[in-house]
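J.: This is the structure I have questions about; it appears just below.
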Amino acid sequence: MRVISIKTAPGDREAQLAQEGWVKQSILGEPRLSEVVENYKNLGYEVHVEEFRDQGGGEGCTTCFDAGKEMGQVYGTVYIRSRGDGAAQDELF
């Protein structure tokens, strides 16, 4: 499974989550958001989701997010971390 890293945006909340051991994985809307969360949980990770908020002035295009929000779509930023019980540390993962 290939994990695509997302560039860290400046912000106190994201820095706080990183200090707590959370790793940003993806920004998704439904129905994929729920599927990804469930898959990470099944792989043994703790999962945290925060509503995606465009910080403005960042790099990259946000046209898709903007269009989705106009249609009522809510996006979530998915963060994961190991549970600490060794489940996600299994060499099969």
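The numbers here are math on the coordinates, done by the rules we state, and not lab data. Since the structure is predicted, the reported quantities are computational estimates derived from the model, not experimental observations. Quick reminder, even Gly has a Cβ in these numbers, built from the backbone with ideal geometry, and neighbours come from all protein chains shown.
J.: List every residue whose amide H lies under 5 Å from the amide H of residue 52, counting only residues 5 or more places away in sequence or on a different chain, with H placed 1.01 Å from N in the peptide plane.
T.: The list, which skips near neighbours in sequence, is 75, 76, 77.
J.: Here is a follow-up. With a 10 Å radius around each residue's Cβ, average the other Cβ atoms per peptide and rank 42-50, 72-80, 30-38, 12-20, highest first. Provide the component values of the computation, followed by the final result.
T.: Working: 42-50: 15.8, 72-80: 17.4, 30-38: 13.3, 12-20: 11.7.
Result, highest mean first: 72-80, 42-50, 30-38, 12-20.
J.: Along Cα→Cβ, 7 Å out, is where each label goes; now give me the distance between the ones at residue 48 and residue 30 in nm to one decimal.
T.: Output for this residue pair reads 2.3 nm.
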